[in-house]
Amino acid sequence: SQVKNKAPAEVQITAEQLLREAKERELELLPPPPQQKITDVEELNDYKLRKRKTFEDNIRKNRTVISNWIKYAQWEESLKEIQRARSIYERALDVDYRNVTLWLKYAEMEMKNRQVNHARNIWDRAITTLPRVNQFWYKYTYMEEMLGNIAGSRQVFERWMEWQPEEQAWHSYINFELRYKELNNHCFFNPTLLVIVHPDVKNWIKYARFEEKHSYFAHARKVYERAVEFFGEEHMNEHLYVAFAKFEENQKEFERVRVIYKYALDRIPKQDAQNLFKNYTIFEKKFGDRRGIEDIIVSKRRFQYEEEVKANPHNYDAWFDYLRLVESDTDAETVREVYERAIANVPPIQEKRHWKRYIYLWINYALYEELEAKASKRTRQVYQACIELIPHKKFTFAKIWLLYAQFEIRQKNLPLARRALGTSIGKCPKNKLFKGYIELELQLREFDRCRKLYEKFLEFAPENCTSWIKFAELETILGDIDRARAIYELAIGQPRLDMPEVLWKSYIDFEIEQEEYEKTRNLYSRLLQRTQHVKVWISFAQFELSAGREGSLSRCRQIYEEANKAMRNCEEKEERVMLLESWRNFEEEFGTDTSKERTDKLMPEKIKKRRKLQAEDGSDAGWEEYYDYIFPEDTANQPNLKLLAMAKLWKKQQQESEAAEVDPDKDIDENQS
């Protein structure tokens, strides 16, 4: 019988499918077993025999599965076969006497069936065999208490305490004694046992509160005193002293409270005594005077700041907070002492970024002496000492010089202010110093001094366009137009300028304000010799348009034409497009049809192109799309434009031919009709 057709079957069955079907069939509900009705003793005995044989077989298969033993014993218990159930539990205990569940089920069976002595026997065996299982002790003591055997329950507790269990066990014993008003049985609060078993601060506090709760105040005080003596100064804990102080506060012993707080605060590290400080502050607010409250708050914060500046003397932010605190509370001498300590911490490196925070210590010191202490002589000394300390050859702080000069002006000492600013400009000239000095002289209406300062300023920084503009504006305000124009001419003649476009714009605006249109045109021409930027051309055209003179439109159009010719060779095609758009807008508003048509013909064709990209390492990075402009005027682009026009024409012809084509089937249908 050989298999002739060895081709695979149409329906393939995999191992995974077989397993899945087997798993699904497991979930199918099996029919319930038929109900048996036992009618006589023989059938009952036969049923018991079968069940016992099943249980024994299960136990024989695996003796260590305790759940089989428990089910067997519970079944026997359900038949009221208590003796047989005991036998099963005993056999199970021989197998695994460390199983907690087994002992519990055994004892619960005896208690359910009111076999008290048997239950006691089991609990005794359990706590003897496994004394560290707290559940046995809890259930044993609870059973004795429910039976009313208080002495027996106490005896069990005492046996339990000999094993030195966890704290909850001691609390259970205490609550038991309290339920039966046995206040004199202080076994839990025996200090020797407590320290040996659980040497913790909270246990001493509970002991003292227990005595206080039951009005044994002298005993409570002794407990606190013994706790303080026990822990000593090496292991001081703020919670113990807070509880001790609150106890004395409840007893109205306010002086004792204050002594306790001060004793603890002097010995406990401040970072570990936050709660102690808080409670001491609350106590002083309730029972102390205002000065005492302020002293405790200030002393606490001062200590924190002292720790911070001691850890890092160059932490200037901590010095600022510390000085703000002492300024608000203490006398001037203390404030000066702290300021002197702060400014003594000079930055170790002569770099300006390290001095920026430090210099504000001097500024605050000087302002304090001037505004709070009203000591002008000391203020002057502070400013002078600060100026001598700064290494001006490497860097300086214009703020210090200006504040010193302003202070001298407030003291109506103008020569000293000018001398200070003059010294600063001579030692370490800076833009801020020049600007501040000029601003001062402007406020004093000393215009000749302002001119001299501007001259010095421009000698120091000839590239600073803002200074040139401000100098020219000053001369304009003073009505000296020729000097202002001369200043502008000097400015635009400088080889290096930081913002030349701003300077030229200011000069052009100046000439427009003076209605010097020819000079303005001359300026635009000179500017266009230096730069061919599109914005300059557009601004020039708009100026001609806004001049409002005869021929302004023709001049404006001429400027646009010159700009278009000048920008034909410009690489930035967007700028040229911007110019043409501005020209088209001008023609739409002021031009004729011919001029509009001409500008429209000049507008470029916008096309999309692709270019190859390269990565930094020279490898190929793909293609990029971009927009390019083709201008009709450019002779180099004529072939491109011709090709583009031919392509558009071909596309149009294609669309017309497609529209003219007729479906053949449709023609046949029409002929038949």
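The values are calculated or read from the model by the stated rules, or taken from the named source; none is laboratory data. Because the structure is a prediction, the values reported are computed rather than measured. Because the Cβ atoms are built from the backbone with ideal geometry, glycine has one as well, and the counts that use them run over all protein chains shown. Keep in mind that these areas ignore ligands, DNA and RNA; they rest on the heavy atoms of the full protein, side chains included. Shrake-Rupley method; radii C 1.70, N 1.55, O 1.52, S 1.80 Å.
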Restricting to the stretch 389-445, what's the tally of residues that are of a type in the set (A, V, I, L, M) and within 19 Å of Tyr358 (Cβ to Cβ)? 6
What are the pairs, 6+ residues apart or on separate chains, where a residue within the stretch 115-133 that is within 20 Å of Glu158 (Cβ to Cβ) and in contact (Cβ under 8 Å) with a residue 24 or more places away in the chain has its Cβ under 7 Å from a residue that is open to solvent by 20 Å² or more (accessible area, probe 1.4 Å) and not in a helix (DSSP H, G or I)? Thr129/Tyr97; Leu130/Arg98; Pro131/Trp163
Near pairs, Cβ below 6 angstrom, 6+ apart or cross-chain, from the stretch 220-242 (within 17 Å of Leu265 (Cα to Cα)) to any residue that is among the polar types (S, T, N, Q) and surrounded by 16 or more Cβ atoms within 10 Å (Cβ to Cβ): Val242/Asn279
Are any residues in the stretch 306-354 over 28 Å from the mean Cα position of the chain (by Cα), surrounded by 16 or more Cβ atoms within 10 Å (Cβ to Cβ) and at pLDDT 85 or above, and if so, which ones? Leu323, Val335, Arg336, Val338, Tyr339, Ala342, Ile343, Asn345, Pro347
Confirm whether Ile607 is of a type in the set (Val, Ile, Thr), in a helix (DSSP H, G or I) and touching a residue at least 24 places away in the same chain (Cβ under 8 Å). no
Per the filter on the stretch 437-459, residues surrounded by fewer than 21 Cβ atoms within 10 Å (Cβ to Cβ) and within 46 Å of the chain's Cα centre (by Cα) are Glu439
The stretch 552-565, subset among the polar types (S, T, N, Q) and at pLDDT below 75, residue nearest to the chain's Cα centre (by Cα): Asn564
Provide a single number: the residues in the stretch 452-468 that are touching a residue at least 12 places away in the same chain (Cβ under 8 Å) and of a type in the set (D, E, K, R). 2
Select, from Glu572, Glu616, the only residue that is more than 22 Å from Leu527 (Cβ to Cβ) and either modelled with pLDDT of 75 or more or within 50 Å of the chain's Cα centre (by Cα) (or both). Glu616
Where a residue in the stretch 32-45 is in contact (Cβ under 8 Å) with a residue 12 or more places away in the chain and of a type in the set (Val, Ile, Thr) and its partner, wherever it lies, is loosely packed, with under 10 Cβ neighbours inside 10 Å and not in a helix (DSSP H, G or I), with Cβ under 8 Å and at least six apart: none
Could you give every pair whose Cβ atoms fall below 7 Å, whose first residue belongs to the stretch 635-657 and is modelled with pLDDT under 80, and whose second residue is open to solvent by less than 100 Å² (accessible area, probe 1.4 Å) and not acidic (Asp, Glu), counting only separations of at least 6 or pairs across chains? Asn637/Ile630; Asn637/Phe631; Asn640/Ile630; Leu641/Ile630; Leu641/Pro632
What's the total number of residues in the stretch 19-31 that are open to solvent by 100 Å² or more (accessible area, probe 1.4 Å) and either touching a residue at least 24 places away in the same chain (Cβ under 8 Å) or assigned to a helix (DSSP H, G or I) (or both)? 6
Selection over the stretch 486-525 where residues are more than 55 Å from the chain's Cα centre (by Cα), more than 22 Å from Arg451 (Cα to Cα) and among the aliphatic types (A, V, I, L, M) yields a count of 1
Cβ contacts < 6 Å: first residue in a helix (DSSP H, G or I), restricted to the stretch 74-85; second residue at pLDDT 90 or above and of a type in the set (A, V, I, L, M, F, W, C), any location; separation 6+ or different chain. Result? Glu76/Ala85; Glu77/Ala85; Glu77/Met109; Ala85/Ala73
Are there any helices (runs of 4 or more DSSP H) wholly within the stretch 468-551 with 3 or more residues that are out of contact with any Lys or Arg (no Cβ under 6 Å at 6 or more places or on another chain), modelled with pLDDT of 75 or more and open to solvent by 70 Å² or more (accessible area, probe 1.4 Å), and if so which? 481-492, 500-513, 517-530
Sole exception among (1) modelled with pLDDT of 85 or more; (2) crowded, with 16+ Cβ neighbours inside 10 Å; (3) of a type outside the set (A, V, I, L, M, F, W, C); (4) closer than 30 Å to Leu497 by Cβ for Lys399, by number: (2)
Inside the stretch 125-147, can you point out the residues that are open to solvent by 50 Å² or more (accessible area, probe 1.4 Å) and either more than 60 Å from the chain's Cα centre (by Cα) or not hydrophobic (A, V, I, L, M, F, W, C) (or both)? Arg125, Thr128, Thr129, Arg132, Gln135, Tyr138, Lys139, Tyr142, Leu147
Search the stretch 52-66 for residues being open to solvent by 100 Å² or more (accessible area, probe 1.4 Å) and more than 15 Å from Leu102 (Cβ to Cβ), and hand back the single one that is modelled with the highest pLDDT. Lys53
For the stretch 258-280, give me each residue that is more than 14 Å from His239 (Cα to Cα) and crowded, with 17+ Cβ neighbours inside 10 Å. Arg258
Conditions (1) on the phi > 0 side of the Ramachandran plot; (2) surrounded by 13 or more Cβ atoms within 10 Å (Cβ to Cβ); number of the one not met by Arg114: (2)
Among the residues of the stretch 271-288, the number that are part of a helix (DSSP H, G or I) and touching an Asp or Glu at 6+ places or on another chain (Cβ under 7 Å) is 4
